[in-house]
Every structure is written in C-alpha cells, then in structure tokens.
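The values are calculated or read from the model by the stated rules, or taken from the named source; none is laboratory data. If you're wondering where the values come from, they're calculated on a predicted model, not measured in any experiment. A quick note on method: Cβ atoms are made from the backbone with ideal geometry, for glycine too, and the neighbour counts reach across all protein chains shown.
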Amino acid sequence: MGDLRGLGKHGLFERAAIRVADSEGLTLYCQRVARKLSNYDLHGKDLYLKFSALACGNRARLMFGLPFETEVENNNMSGHSKWHSIKHKKGAIDAKRGKMFSRLIKELTVAARGGGDPAGNARLRKAMDDAKAMNMPKDTMMNAIKRGTGEIAGAAIEDVTYEGYGPGGVAVFIETQTDNRTRTVAEIRHMFSKNGGNLGENGSVAWMFQKKGSIILEKSAADEDKIMELALEAGAEDVSGDEESWEVITSPEDFNAVLEAVKGANIEPISSEVAMRPTNSVQVTGATAQQVLRLMEALEDHDDVASVAANFDIPAEEMEAAG
C-alpha cells in the first residue's frame, strides 16, 4: 500500500469523504461506503476506509459542534514537480525539442536492452509512447531500439547516476545516459561548482529519494471526484495538487496502468515519468532559490542527463519569475 502520510487536512480523499459524509446521515453514509468498497482491490479498500473513517468521526464531531480532526499533515506537490509544471506551461520543454529527441533516442536504446518487445518491457513501452508523442520518425525509433537489442552496431550507452548538494543544502539526484563516464562526471562536477553546489559520493543523498511514477494534470482537466475515482481504481498511491495542477503518484510497477487509465478518461497529462522523488524538502528563497534553479536548468540542459530530482521547496511566485 502507498504511503498515506501526505494526505492531510487538505488531502483530496479526505476532502471528498468529509463532503459526502456531511451531506448524508451517518448510517446512510456508512452503507454507501460499504457498497463502494466492493468495487476496489485491497489497496483501494485501505485508502478509502482510512478517509471514510476520518470523515465519519468528523461527522460525529460536527454534530456536537467540535472542530474537525486531522491525522496527517497537509499534502502539496513537491517543489520539483511544480517547477516542471511551470516549465511545461511556459513552453520551455517544447523549446528544447532537439535535445528531447536526443534523450529519447538514448532512452530507447537503453530500454531495449531489457527486450525489444514493448509488450513485455514497460520501460521500452513508455519510451516508445514518448517518442511517438514527439512525432519521432518510425525509422529513427526502430534504429534506436535495434542498437539496444544488438541488431545493429552503435556506441555503448549506459545508465549512470550522480548525487550531490546544491545551494542551501538542497539534495540533488541525477540520472544520466552516457557513452563516456569520464566526460559526463567532469562536466556535471563543473556545473555544481559553478552554481554553488558540490558533487558527492554515491549514496550521499540517494536515501532521501524514492523511485515513483508521477503524472501531472491540468487542474481544469478533471474535478476532485473524477481524479479520486481514477486514482483509487487504477492503483495510484497518492494525489496532491496546487492551484493549477494535480499530481498523481504511483509505484513504478503501477505507473503504466494508472497512466493508461488517465488517458482512457480523455485526460492528457502535462507530463508523466518514472523518476526519483524526494521524501523530504528543504525550503530556500531569494538569491539562494535562484541559484538552485540555475543549477537545475544547467543540469537538465546537459545532453547526457535523463532526469534530475531535487528536494527544494521554493515559493511558486519565485519559480514563476525564474521559469
């Protein structure tokens, strides 16, 4: 089951449950919950019951004029997720189309080492979907896959990760795909030094990250009820949001199923990926925040970098100004 610590006072599931519980009698609401549970697997039952129980308790407290209780802290999108959402909206991702083609070709090649059939290789299937979304020519895509399976010759590309600290003690985890480790590590070390950070040893920050699926949606694409239904039924671990976006979090294993469910509901994500996600955050503002974002831009712009994760928490207005 997913980690529910983030779903709190303004959590999506809790708000929906409280709203329904408040509009029905307690007995009717409990009967409704019992019927609803029959539609969900074990994960869904656990998640729905947690917030239904809280809603029922708060319904009783409401009857006696007592304030609502919450068991966990407020859940918001991570700072890095907000940063990517802002960049997508401003067209910064589309402006780097050429670099994305290069990265997708590398991802197709590396992913194909796990097998050239996308039906049995989830990583390859995701890479092919991304390539098609970018209108990559079929011949280009198939040649990249054949290099990965060894059907045609090509440079040896491998997955390499790097870890370090940025300004203000922000932890940074970088995933690269490179044919030259020596070149890549030297260039990444230079970027850290130039932007007030330090490249660390393997394991220095990895313990602060978990691999998760992230699907970011426009807030206007669906209301709370629809997002909750999709999340529960498809097996998502968590849902968070801000004023403009929803973020659906999944396990890596359930990512494709949840993504397909979202697209099957005619909702096109702003972005979707399986990547490292921070388990804590460091708040930075002002000049330090701007320096962190400059480091992020430099790393994400590097040809060998596939993804960057960082645990910064920067006010949205500062990210908007920098994005």
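Some observations on this one:
- So Ser307, is it of a type in the set (S, T, N, Q) and closer than 27 Å to Ala131 by Cα: yes
- Once the stretch 231-257 is narrowed to residues that are part of a strand (DSSP E or B) and in contact with a Gly (Cβ under 9 Å, 6 or more places away or on another chain), the residue that is farthest from Leu124 (Cα to Cα) is Ser240.
- Residue check: Gly213 meets all listed conditions (1) assigned by TED's automatic domain parsing to the domain that holds Val284; (2) under 19 Å from Glu268 (Cβ atoms); (3) surrounded by fewer than 18 Cβ atoms within 10 Å (Cβ to Cβ) but one, namely (3).
- Of all the criteria given as (1) assigned to a loop (DSSP other than H, G, I, E, B); (2) under 25 Å from Phe101 (Cβ atoms), the one not satisfied by Ala309 is (1).
- Set Glu201, Glu163, Glu187: member being at pLDDT below 95 and not assigned by TED's automatic domain parsing to the domain that holds Glu107: Glu201
- Among residues of the stretch 271-286 that are closer than 9 Å to Asp313 by Cβ and assigned by TED's automatic domain parsing to the domain that holds Val239, those with a Cβ under 9 angstrom from a residue that is in a strand (DSSP E or B) and hydrophobic (A, V, I, L, M, F, W, C), sequence gap 6+ or separate chain, pair up as Ser281/Phe312; Val282/Ala171; Val282/Ala310; Val282/Phe312; Gln283/Phe312; Val284/Phe312.
- Within the stretch 259-295, the residues that satisfy the criterion of being surrounded by fewer than 17 Cβ atoms within 10 Å (Cβ to Cβ) and of a type in the set (Asp, Glu) are Glu260, Glu268.
- Only one entry in Thr149, Thr176, Thr161, Thr182 is among the hydroxyl-bearing types (Ser, Thr, Tyr) and within 11 Å of Lys106 (Cβ to Cβ), namely Thr176.
- Every residue from the stretch 138-173 that is of a type in the set (Val, Ile, Thr) and under 30 Å from Gly197 (Cα atoms): Ile157, Val160, Thr161, Val170, Val172
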